[in-house]
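**Student:** Starting off with a structure, shown below.
All of the numbers you see were taken from the coordinates with simple rules; none came from a lab. Predicted model only: the values in this text are computed from it and were never measured. Cβ: placed from backbone, ideal geometry, glycine included. Neighbour counts: every protein chain shown.
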Amino acid sequence: MKTIPTLVLILSALIAMAGGIWLGQSGNDERLSLKPAVIQGAIYPQAKVIKHFELQDQHSKTVSKRDFINKWSLVFVGYTNCPDICPTTLSVMNQVIEYMYEQHIEVPQIVFLSIDPERDTPLHLKRYVEYFNEDFLALTGSVKQVTQLSQDLNAVFRKAPGFTGEISKDDYLMDHSSALMLINPDGNLQSILTAPHLPGTIIESIIQSKAYYEATLDDKQDS
């Protein structure tokens, strides 16, 4: 059975415990400002607001920001014709959720946002993501809709020359961000997880981000 190195989970527990002690001590006098933990990437001190959006999933059903409320989501932008980064990252994301299930850690919703809506139809996306995990959520829409959400996620993309060395209707590649975006239960961007993507590092970043988010909620309630 595959397991996350025990050190990762022990470290997370110690950090969370230390954070609780620190908060309790600081509450006796003047409350200090909460600071995000250091991760491979960055936790936003204040989550970046994601505007309302509507896209289609791989089953041609409408998905909006409302479907991201009250759950954690891990988003990766890419496209089905991607030759390397996308299949590698989706394979790692599948490992991440397998490890989290085995360790009884709350699993985030895994989302693949296509930045190539001209070729990535819902049916095409369905066949693609099911190869990695049938529970993955794949999203597509118009170029305008995808661009809006990508900008809110701080993800960039553009067309690039294909195998012929030029950009044509049927032959082009997509340059795009390789980071993972973690969305909190309010439906807003909480963290950016940068490459290289390793299961243990991703899980640790999710744990740290959740701890910070929950601590800020407690801080607001106590203030």
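**Student:** To make sure I understand the rule: partners must be aspartates and glutamates, Cα under 12 Å from the Cα of LYS51, and not fewer than 8 residues away in the same chain. Which ones qualify?
**Tutor:** The reachable aspartates and glutamates, counting only those whose Cα sits under 12 Å from LYS51, are ASP152, ASP186.
**Student:** Hey, can you grab everything whose amide H is under 5 Å from the amide H of TYR44? Only 5+ residues off in sequence or another chain; H modelled, so Pro and N-termini drop out.
**Tutor:** Those qualifying (amide H under 5 Å, at least 5 residues apart or on another chain) are SER191, ILE192.
**Student:** If amide hydrogens are placed 1.01 Å from N in the peptide plane, which non-local residues have theirs closer than 5 Å to the one on ILE110?
**Tutor:** Result for ILE110 returns LEU74, LEU137.
**Student:** If the cut-off is 16 Å between C-alpha atoms, which aspartates and glutamates fall inside it for LYS126, apart from same-chain ones fewer than 8 positions away?
**Tutor:** ASP57, ASP116, GLU118, GLU134, ASP135
**Student:** Now a separate question. Determine ³J(HN,Hα), in whole Hz, for all residues of the range 84-96 in sequence, where each value follows from phi through the Karplus function 6.51 cos²θ - 1.76 cosθ + 1.60 and θ = phi - 60°; x replaces Gly and Pro.
**Tutor:** With the stated coefficients, the range 84-96 comes to 8, 4, 5, x, 5, 5, 5, 5, 5, 4, 5, 4, 4 Hz.
**Student:** Hey, another quick one. In what sequence, highest mean first, do 69-75, 102-108, 199-205 appear when ranked by Cβ atoms within 10 angstrom?
**Tutor:** With the highest mean Cβ count within 10 Å placed first, the list reads 199-205, 69-75, 102-108.
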